Structure formats: structure tokens, C-alpha cells
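Read the structure below first, then the notes.
The values are calculated or read from the model by the stated rules, or taken from the named source; none is laboratory data. Computed from a predicted structure; not experimentally measured. Please note: Cβ atoms are built from the backbone with ideal geometry, for glycine as well, and neighbour counts cover all protein chains shown.
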Amino acid sequence: MIYSVQFLICFEFFKIGLFTFGGGLASLPFLYEIMDKYHWFNEFQLSQLIAISNLTPGPIGLNMATYCGYNILNIKGALLSSFSLILPMLVITSFVFKLYKKFFENKLSNKILYILRPTSCALILAVGVKLFYNLIINKGNIDYLGLTLLLVLFLLTFKIKKDPLIYIFISAVFGFIVYCIKSF
Amino acid sequence: MQEKTVKLFDIFKIFFKIGMVLLGGGYVILPITKKEFVEKRNWINENKLVDFYCVSQCLPGIIAINLSILIGYKLKKFFGALSAVFGLCLSPIVVIIAISKILEKITNIAFLEQIFWAVNISVIILIYLTLKEMWQKSTPDKFCLFWFLVVFVLSLFKISPVIIIISSIFAAIILYFFENKIIKKKDNNDI
């Protein structure tokens with residue numbers, strides 16, 4: 001059966017809203033899956049998307065969904081993707097509101113959370129490894145410029161505490177300098 | 001009593017403001033909401049807000065949106081939740097659409113590619129930081145570590161994350177019943 005693009009966008013982003021745990025970057029593995037499945041956007045656009053969703057105000061997961069939707073079907077796609085992302089949360093959270101005390105005391109829900117945390121971590125780690133493989137190792141040709149940047153940023157994590165903007169800003173400046181050197 | 005004094009439009013307005021200044025996602029929203037709803041207006045007490053924050057981290061989806069739904073629901077039932085979400089999401093959606101439109105017009109692709117290549121490398125660091133924080137929050141034991149490795153290997157083989165998460169939930173349910181049985185057996189033996 002062939003579904004329309006509109007339906008597929010709603011379906012995929014509804015799934016993301018329903019199955020991501022841990023906020024922000026947790027939806028990255030799903031976006032990689034969408035890319036492999038439908039080829040609506042390429043890896044370059046996905047990297048733009050991560051940078052822009054971090055740099056603009058608003059929840060990162062929502063920003064990524066809106067940006068993806070825009071790349072697929074312009075404004076219509078952006079609205080569809082963000083609304084279908086929000087829908088499952090609106091239903092589940094409103095439902096949980098009434099019984100959240102029981103939810104914390106319930107042993108089964110605690111057990112599910114106990115397993116979902118390492119699951120979510122592993123899914124995100126897999127994306128990190130994939131990015132490292134694509135960017136730095138790059139099919140055998142090790143990118144020493146990229147490796148240097150990565151090491152510098154890694155050393156900075158001991159100095160600066162969590163503020164994602166600083167890391168993005170530093171690497172953007174680095175990219176700009178590399179572009180200037182290459183074009184002259 | 002509170003419900004009568006709070007207007008839907010007020011909830012929308014406050015969350016619209018929060019949506020405009022929220023940079024950096026889930027972990028920043030607690031101090032901002034605390035300032036707006038506890039310190040400035042005293043609509044919610046602080047313990048309740050912290051409770052809400054914990055719940056919204058445990059539920060599926062985005063932490064900031066879940067928190068806004070809970071606060072909205074507390075203040076004005078379902079329509080409060082609805083206006084909170086729309087308030088929070090309106091400005092990010094508009095901003096992203098505007099930026100995408102601008103990016104389309106930039107024709108110097110080589111320039112953009114170089115910058116986003118570097119930004120991608122910082123994403124590796126961001127992933128590392130996220131993982132460090134998530135790992136510190138959870139209480140890793142041997143089973144967690146085992147499950148972590150299994151999921152990691154599976155996801156390298158391009159197995160859909162949806163399938164992985166659903167099977168994790170099933171594993172939790174099986175583990176739950178299994179442990180209950182052992183406890184019951186122990187109880188029987190004791191008697």
C-alpha cells in the first residue's frame with residue numbers, strides 16, 4: 001500500500017513523541033532511522049538541523065521535528081510534524097496528571113523506567129559512534145583536523161560545565177577559519 | 001479557588017515568554033518555571049513543581065513540553081494544558097520556519113558545509129555530555145549494564161529504535177513478574 005507523504009510525516013513524528021525518553025538528543029536515533037528509510041533529507045541537512053535546534057530557543061526535540069518537517073514539505077510539513085510530535089505527550093501527560101503519585105509508587109512503572117534509562121543511553125551512544133565513524137574515520141582516511149577539534153573540545157569539558165551553546169559556537173568558528181584557509 | 005483567578009490567556013502568555021527565552025532544552029526549564037509560577041505569582045508551590053519536573057522526565061516525549069502540560073493542567077484542567085503547550089511551542093516553530101527559509105536562500109554551500117562539518121564534531125561532545133549526565137542519574141547495576149550493551153550492539157545493526165524500546169518494556173514486565181514470583185516463593189518457604 002502507498003501512503004501519502006503527509007500521513008507518513010504524522011505517523012513517524014507521532015512515533016517519536018511516543019517513544020523517546022530523556023529529552024533533547026534522544027530523538028536523534030529516530031531521525032537517523034527516518035533518513036535511512038525515506039531519504040527525505042541527507043546527512044548534511046541532519047547536521048544543520050542539530051546545530052540549528054540547539055542555537056534557537058525552544059525545546060530541542062521540538063525544534064528538530066519542525067526543521068525536519070520543513071525540509072520534507074515546507075511550512076505544511078513543519079506544522080504537521082510538530083503537532084504530531086506533541087499529540088501523544090498531550091494525551092499521556094494529561095492522563096498521568098491525575099495519578100502521578102501512584103505512578104511513582106507503582107513497582108511495575110519503576111521497573112520499566114529502570115530498564116528504559118540504559119536503553120535510551122545505548123541508543124544515543126550508537127548515534128555518537130556512527131557520527132564519529134562518519135566524520136573522523138571516514139572510510140579509512142582519518143580526518144586529523146576533525147580529530148584535533150574533537151580532542152580540544154573534549155579537554156574543554158573538564159573546564160566548562162554543561163552548556164551546549166559554547167561547544168557549538170567554538171566549533172562553528174573553527175569551521176569558519178578552516179573555510180577561510182582553504183579558499184585562499 | 002485558584003482555578004477561578006487564573007485566565008487561560010495568562011497561561012498562554014507566560015509560556016509564550018518561556019518559549020522565547022528557553023535555550024538549551026529540558027534542563028533549563030525548571031529554574032525558569034520556578035521563577036514565573038512560584039516566585040512571581042505563587043500559583044503553584046515549589047514541592048509540587050519539583051514533583052512535576054520528576055514526572056515529566058519519566059514520561060515519553062520532551063521534558064519541557066511535558067512539564068508545561070502538567071502545570072497547565074494543574075492551573076486550568078485540559079484547556080490550561082492546551083494553552084500552555086501552544087504558548088510554549090508557538091515561537092520555536094515560527095523561528096525555525098523563518099531560519100529554514102533564510103538558509104534556503106544561501107547559495108554558498110561549501111561555506112555552510114565547512115561550518116556544519118565542525119558543528120557535527122561538537123555534537124559528538126554533546127552526546128558524550130548527555131550520556132554522562134543520564135548515566136549519573138540512573139543507578140547502574142549488572143543487569144542495566146548488560147541491557148545497555150545488548151541495545152548498543154542491536155542498534156549498530158540498524159534495528160529500529162521503536163522495536164528496541166518496545167522490547168525493553170516487555171523485558172521489564174517479564175522481569176517484574178519473575179521477581180514477584182521469587183519473592184512469593186520465599187514467603188511460602190518462610191511460612
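Taken together, the residues in segment A:23-47 that are closer than 15 Å to A:I9 by Cβ and in contact (Cβ under 8 Å) with a residue 24 or more places away in the chain amount to 6.
One line per residue, one yes/no per condition, for (1) over 30 Å from B:E179 (Cα atoms); (2) hydroxyl-bearing (S, T, Y); (3) in contact (Cβ under 8 Å) with a residue 12 or more places away in the chain; (4) touching a His at 6+ places or on another chain (Cβ under 9 Å):
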| site | (1), (2), (3), (4) |
| --- | --- |
| A:N71 | yes, no, yes, no |
| A:N74 | yes, no, no, no |
| A:K102 | no, no, no, no |
| A:G146 | yes, no, no, no |
| A:I160 | yes, no, no, no |
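Against the test of being surrounded by 24 or more Cβ atoms within 10 Å (Cβ to Cβ), free of Cβ contacts under 8 Å to residues at least 60 places away in the same chain, within 23 Å of B:K7 (Cα to Cα) and within 9 Å of chain A (Cβ to nearest Cβ), the options B:I65, B:I121, B:I96 yield a single qualifying residue, B:I65. Screening B:G80 with (1) in a helix (DSSP H, G or I); (2) at pLDDT below 90 gives one miss only, at (2). In segment A:36-54, the qualifying residues are those that are within 8 Å of another protein chain (Cβ to nearest Cβ) and under 20 Å from B:L103 (Cα atoms), and the one that is surrounded by the fewest Cβ atoms within 10 Å (Cβ to Cβ) is A:F44. Taking B:L75 as the residue in question, decide whether it is surrounded by 20 or more Cβ atoms within 10 Å (Cβ to Cβ) and either at the interface with chain A (Cβ under 7 Å from one of its Cβ atoms) or of a type in the set (V, I, T) (or both). Taking the combined requirement at face value, the residue does not satisfy it.
Here the condition is being free of Cβ contacts under 8 Å to residues at least 60 places away in the same chain, of a type in the set (A, V, I, L, M, F, W, C) and in a helix (DSSP H, G or I); of A:I50, A:I2, it holds for A:I50 alone.
Is there a residue in segment B:113-122 that is among the β-branched types (V, I, T), at pLDDT 85 or above and more than 28 Å from A:I115 (Cβ to Cβ)? Yes: segment B:113-122 contains one or more residues that are among the β-branched types (V, I, T), at pLDDT 85 or above and more than 28 Å from A:I115 (Cβ to Cβ). Scanning segment B:135-176 for residues being under 19 Å from A:T20 (Cβ atoms) and aliphatic (A, V, I, L, M) gives a total of 11. Could we say that B:K142 is more than 7 Å from chain A (Cβ to nearest Cβ), surrounded by fewer than 17 Cβ atoms within 10 Å (Cβ to Cβ) and under 25 Å from A:N54 (Cα atoms) here? Here the answer is no, as B:K142 does not meet what is asked.
Every residue, every condition in (1) at the interface with another protein chain (Cβ under 8 Å from one of its Cβ atoms); (2) surrounded by 14 or more Cβ atoms within 10 Å (Cβ to Cβ); (3) at pLDDT 85 or above, yes or no:
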site	(1), (2), (3)
B:S155	yes, yes, yes
B:I159	no, yes, no
B:K181	no, no, no
B:I191	no, no, no
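Remark: pairs (first residue in segment A:127-143, touching a residue at least 12 places away in the same chain (Cβ under 8 Å); second residue not hydrophobic (A, V, I, L, M, F, W, C); Cβ separation under 6 Å; 6+ apart in sequence or on different chains) = A:V127/A:P29; A:I136/A:D143; A:I136/A:G146. When the residues of segment A:18-35 are filtered to those that are at the interface with chain B (Cβ under 7 Å from one of its Cβ atoms) and more than 17 Å from B:V55 (Cα to Cα), which remaining residue is surrounded by the most Cβ atoms within 10 Å (Cβ to Cβ)? Step by step, filter segment A:18-35, then rank; the result is A:L25. For segment A:58-70, the candidate set comprises residues that are of a type outside the set (F, W, Y) and facing chain B (nearest Cβ under 7 Å); within that set, the residue that is surrounded by the most Cβ atoms within 10 Å (Cβ to Cβ) is A:T66.
Among the residues of segment B:21-55, those identified as buried (at least 17 other Cβ atoms within 10 Å of the Cβ), facing chain A (nearest Cβ under 7 Å) and assigned to a helix (DSSP H, G or I) are B:G25, B:G26, B:V55.
Within segment B:144-156, not a single residue is within 26 Å of A:L131 (Cα to Cα), out of contact with any helix residue (DSSP H, G or I) (no Cβ under 8 Å at 6 or more places or on another chain) and not in a helix (DSSP H, G or I).
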